[in-house]
Amino acid sequence: MLRHFTRIERFFSLFTTLRAGEGLVAVQLCLQAFAIMCAYYMLKVIREPMILAEGSAELKAYSTALQALLLMVIVPIFAMMYHRSPGQTEKHHLFRNTLLFFLSNLLLFALGQAYGLPVAIAFYVWLGIFSVMVVALFWAFAADLFNLRSGQRIFPLIAAAVALGALLGSGMAHQIDQAVGHAGVMLFAFALLCIPCWFCARSDGLIPPESRCVIENDGQARPRHPFIHGFTIVWQSQTLRLMAVLVILLNLINTNGEYILASFVTDYTDDLSGAEADDYIGQFYSRYFFFITLLSFLLQLFVVSRIYDRIGIAGALYILPVLMMINYSLIALFPVLAVARIALMLENSVNYSIGTTTRHALFLPVPRDEKYIGKNTIDTFFYRLGDVLSGSFVFLASGVAMFGLTEFVLVNAMLASLLLLVSIALGRRHRGDAAAALANQPPVATNALDDLSIPSGQLSQLQIAADTFYDPDLGDALRYLALLEGDKRLPPWIKFDGLNRRFDFHPPAESIGSLRIRIIARDFEGLQAEVSFILNYGSP
């Protein structure tokens, strides 16, 4: 069945390559991603004053460690839920049921907060687990919907919605909190999280067959030892082992980087009075996080898809560690606040956009249990384990080994080099996984085009049929462009709509001539085919 591009698909095609029919499911997944991140960042804003009002900064650190301990129990429970969930044709059940569980918790926290119960510590721990578990499960659900080629085209759009949700959620939370209090913010987040609950069951049926993930094994045997199944899956897969190491290294580098930046900030404010220092620090971090979130959103929208188009998912893995190596070398050479601020803003923006989206996209070609159980184990337990190890390293390095700022910068430069080696190994594994899943073939020109004669001084049109080109790769999409011979641009009186494959010709009055026009169809990885025709215009 021939599909036509909708308005939303034409809009999305400004940022990535879409097939006709993919727009509605892309919109639904973007809405789900936006709602999850907007709700999380709103809750994150009220989490800090709640726990500091009931406890202390030390209590925050203990609560983070408690999250890692609880995840050692939650990961096996999740693995058992996965094996008891409905059939693989109903991909939304595990995601929706887990989200419903967290929604019921959130409603209880809102009631407890409204009645003045001491819920801050439990809420802090709960939100930390929610943030890693629901986000990991959403991306596993998305990876289970799309095949490799369709996923690497659509994931940047979803990740842009994630960045926009984070930006607006953190921006709105303070105003909502002032208007309706902490309990009101929780209820507002509850309403937002109902959106993915509603849409996730409808997303699977909207995916065109050529974009859908194909499940080869219809059933999964239950593991012998379900309590350690999540950790076993990670251990048995070299790809997942490398991802777990990658997550831990990233947390180490990120924690050290934030410590380095905080040291520069406190050194800068040493000569200021207490009130001036507090005001400067507040303004500094407000702008710092705003620009990180804004730059992340712009990178997601305009850059990530183009990077995948040029160097693929495996190549995108190398960008962040190389940038980190450059950043910490510059900070070592120029140890001033301005350099550290710009370097870490770039690092975090690239990490939250290119890095995060790429880590999610790595799960597109892996088996289904690795998408759900393996990804959940890495993004929850190993992520929080990385937090604990990072905090322990900062404590030991600064309090016991007495590292100065220079030593922390050099350690991060060395860790970034190690991260690059892990990324290279992971990139090679991904290429192997992708090659096993799909081998890219070039598009094929299936129909020749007849030469065309048109009058001058009048508007004429030509519609190129959809079956002029064929791409044999499942899930791939074609972009179309038109050029003259020698890769010259079309004259101003020829307009080509590449999305709908339509020419508008309006040669100047009384002009006479002929042109050979080439139509090129290019797939997402750059392979192409072309046809050409001769355009005669004016009187013969």
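The values are calculated or read from the model by the stated rules, or taken from the named source; none is laboratory data. The structure presented is a predicted model; accordingly, all values stated were derived computationally and were not measured. Counting neighbours? That spans all protein chains shown, and the Cβs are built from the backbone with ideal geometry, glycine included. The accessibility values were calculated without ligands, DNA or RNA, using every heavy atom of the protein model including side chains. Shrake-Rupley method; radii C 1.70, N 1.55, O 1.52, S 1.80 Å.
With viscosity set to 1.002 mPa s and temperature to 20 °C, compute the Stokes-Einstein D of region 234-357, Rh being the Kirkwood radius across alpha carbon pairs; µm²/s, no decimals. Present the calculation step by step, with values, prior to reporting the outcome.
On the way: Rh = 16.1 Å.
So the translational diffusion coefficient is about 133 µm²/s.
If you count only protein heavy atoms and use a 1.4 Å probe, how large is the accessible surface of ARG429, to the nearest 10 Å²?
It works out to around 80 Å².
Which value, to two decimals, describes the C-alpha radius of gyration of region 111-176 once divided by 2.2 N^0.38 Å?
Cα-based Rg divided by the globular estimate yields 1.52.
For the chain, treating each Cα as an identical point scatterer without solvent, what Debye log10 I(q)/I(0) comes out at q = 0.09 1/Å?
For the requested q values the scattering log ratios are -0.74.
Which value, in Å³ per residue, describes the convex hull spanned by the Cα atoms of region 360-447? All intermediate terms of the calculation are to be shown ahead of the outcome.
Numbers: hull volume 11.7 nm³, N = 88.
Residue-normalised Cα hull volume stands at 133 Å³.
Stick to Cα atoms and the Kirkwood definition of Rh, then tell me Rg/Rh for region 386-540.
On the way: Rg = 27.8 Å, Rh = 20.5 Å.
Rg/Rh for region 386-540 comes to 1.36.
Which shape class applies to region 359-399: rounded if a/c is under 1.5, otherwise prolate when a/b exceeds b/c and oblate if not, where a ≥ b ≥ c are the square roots of the Cα gyration tensor eigenvalues?
Prolate is the answer for region 359-399, as a/c is 1.5 or above and a/b outweighs b/c.
How many lysine pairs does the chain hold where the Cα atoms are under 25 Å apart and the two sit 8 or more places apart or on different chains? Kindly include the intermediate steps, with their values, before the conclusion.
Details: LYS44/LYS60; LYS44/LYS375; LYS91/LYS371; LYS91/LYS375.
Lysine pair count for the chain: 4.
Largest first, how would PHE505, PHE403 line up by accessible area (1.4 Å probe)?
PHE403, PHE505
Assign unit charges at the C-beta atoms only (+1 for Lys and Arg, -1 for Asp and Glu), then state the dipole size of the chain relative to its Cα centre in Debye, rounded to the nearest 20. Before the final figure, lay out each step's value.
Working: 38 positive and 41 negative charges, 209 e Å.
So the dipole magnitude of the chain works out to roughly 1000 debye.
How much length, in nm to one decimal, is gained on full extension between ILE311 and ALA466, taken as 0.36 nm per residue of separation minus their Cα-Cα distance? The partial results should precede the final answer.
On the way: separation 155, 0.36 × 155 = 55.80 nm, distance 2.79 nm.
Going from the current span to full extension adds 53.0 nm.
Separation between the LEU294 and ILE326 pseudo-spin-labels, each 7 Å from Cα along Cα→Cβ, expressed in nm?
Between LEU294 and ILE326, the label points sit 2.2 nm apart.
Counting each DSSP H run of 4 or more residues in the chain as -39500 (n - 2.57), what helix-only mean residue ellipticity at 222 nm follows after dividing by all residues, to the nearest 500 deg cm²/dmol?
On the way: 15 runs with 332 residues, N = 540.
The helix contribution divided over the chain gives -21500 deg cm²/dmol.
Could you please tell me the mean projected area of the C-alpha convex hull for region 1-46, averaged over all directions and given in square nanometres to one decimal? The partial results should precede the final answer.
Working: hull surface 15.0 nm².
Its average projected convex-hull area is 3.8 nm².
Could you work out how much longer the chain between PHE101 and THR266 gets when fully extended? Use 0.36 nm per residue separation minus the Cα distance between them, nm to one decimal.
On the way: separation 165, 0.36 × 165 = 59.40 nm, distance 4.19 nm.
So the chain would gain 55.2 nm between PHE101 and THR266.
So what's the projected area for region 462-540, the Cα convex hull averaged over all directions, in nm²? List each step's numbers first, then the result.
Working: hull surface 22.7 nm².
Mean shadow area of the hull around the Cα atoms is 5.7 nm².
Please work out how much length the chain gains when fully extended from TRP493 to ALA448, using 0.36 nm per residue of separation minus the C-alpha to C-alpha distance, in nm with one decimal. All intermediate terms of the calculation are to be shown ahead of the outcome.
Values: separation 45, 0.36 × 45 = 16.20 nm, distance 2.39 nm.
Computed gain between TRP493 and ALA448 is 13.8 nm.
If you take the charge dipole of the chain about its Cα centre, with +1 on Lys and Arg Cβ and -1 on Asp and Glu Cβ, which of THR266, ILE121, LEU103 is farthest toward its positive end?
Result: LEU103, furthest along the dipole toward the positive end.
Treating only the Cβ of Lys, Arg, Asp and Glu as charged (+1, +1, -1, -1), what charge dipole size does region 242-288 show about its Cα centre? Round to the nearest 20 debye.
Charge dipole of region 242-288: 380 debye, to the nearest 20.
What is the spread of the Cα atoms of region 261-326 along each of their three principal axes, largest first, in whole Å?
52, 24, 10
Tell me, which longest segment in the chain has none of the GluC sites (Glu not before Pro) that fall in DSSP loops with at most 13 further Cβ atoms within 10 Å?
It works out to 217-509.
Roughly what angle does helix 238-268 make with the longest principal axis of the chain, taking Cα atoms, 0 to 90 degrees, to the nearest 10?
Relative to the chain, helix 238-268 is tipped by roughly 70 degrees.
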